[in-house]
1. How large is the charge dipole for the chain, taken about the Cα centre, if only the Cβ atoms of Lys, Arg (+1) and Asp, Glu (-1) carry charge, to the nearest 20 debye?
2. For segment 21-80, give the magnitude of the charge dipole about the Cα centre (Cβ charges: +1 Lys/Arg, -1 Asp/Glu; no others), in debye to the nearest 20.
3. Keeping all protein chains in place, calculate the accessible area per residue for the chain (probe 1.4 angstrom), answer in Å².
4. Can you list which of the GluC sites (Glu not before Pro) found in segment 1-52 are DSSP loop residues with at most 16 other C-beta atoms within 10 Å?
5. Provide the descending list of Cα extents for segment 1-66 along its principal axes, expressed in whole angstroms.
6. Determine by what factor the alpha-carbon radius of gyration of the chain differs from 2.2 N^0.38 Å, reporting the quotient.
7. Projected onto the charge dipole of the chain (+1 at Lys/Arg Cβ, -1 at Asp/Glu Cβ, origin at the Cα centre), which of SER106, GLY9, ASN31 gives the Cα projection farthest towards the positive end?
8. Which percent of the accessible heavy-atom area of the chain goes to carbon and sulfur, probe 1.4 angstrom?
Amino acid sequence: QVQLVESGGGLVQAGGSLRLSCAASGGTFSNYAMAWFRQAPGKEREFVAAINRSGGSTTYADFVKGRFTISRDNAKNTVYLQMNSLKPEDTAVYYCGARRTGWGDSYRNYDYWGQGTQVTVSS
């Protein structure tokens, strides 16, 4: 059983930056592909970014390309999301997910989830 704990959310002005972290425990971190998703009030959870087990491959939703960067440190059992040039529409609860097989943008294929961290971007 893998436990995931997100941190780093908060309130930031438009154009600002935040760095989210997701610390994993209870499993071999390098065996899991990781991803970030987000959910705004009244909306479905949507894919933001994913990274494969080694960290050598990443993929992003179109709306964050060039602004967000996903990375991982397998020695620290942590995945990160660096968010730059934040916009009010980025306001949401951000969740990290872990999956044992494959990798990609479908939240239904992720096996474990954190509790989420709130990101609020003011205009």
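1. Values: 13 positive and 9 negative charges, 38 e Å.
Dipole size: approximately 180 debye.
2. Numbers: 8 positive and 4 negative charges, 14 e Å.
For this selection, approximately 60 debye.
3. Numbers: 6020 Å² over 123 residues.
Roughly 49 Å² per residue, with all protein chains present.
4. Details: sites: GLU6, GLU44, GLU46; in loops: GLU44.
Counting only loop positions with at most 16 other Cβ atoms within 10 Å, the GluC sites (Glu not before Pro) in segment 1-52 are GLU44.
5. Principal extents (Cα only, largest first): 37, 24, 22 Å.
6. Working: Rg = 13.3 Å, N = 123, 2.2 N^0.38 = 13.7 Å.
Compared with the compact-globule rule of thumb, the chain sits at 0.97.
7. Towards the positive end, the residue furthest out is ASN31.
8. On the chain, the fraction of accessible area on carbon and sulfur atoms equals 44 percent.
The values are calculated or read from the model by the stated rules, or taken from the named source; none is laboratory data. The shown structure was predicted, so the numbers you read here are calculated from the model rather than taken from an experiment. No Cβ is skipped: glycine too gets one built from the backbone with ideal geometry, and neighbour counts run over all protein chains shown. The protein model used for the area step is the full one, side chains on, heavy atoms only, and it has no ligands, DNA or RNA in it. Shrake-Rupley method; radii C 1.70, N 1.55, O 1.52, S 1.80 Å.
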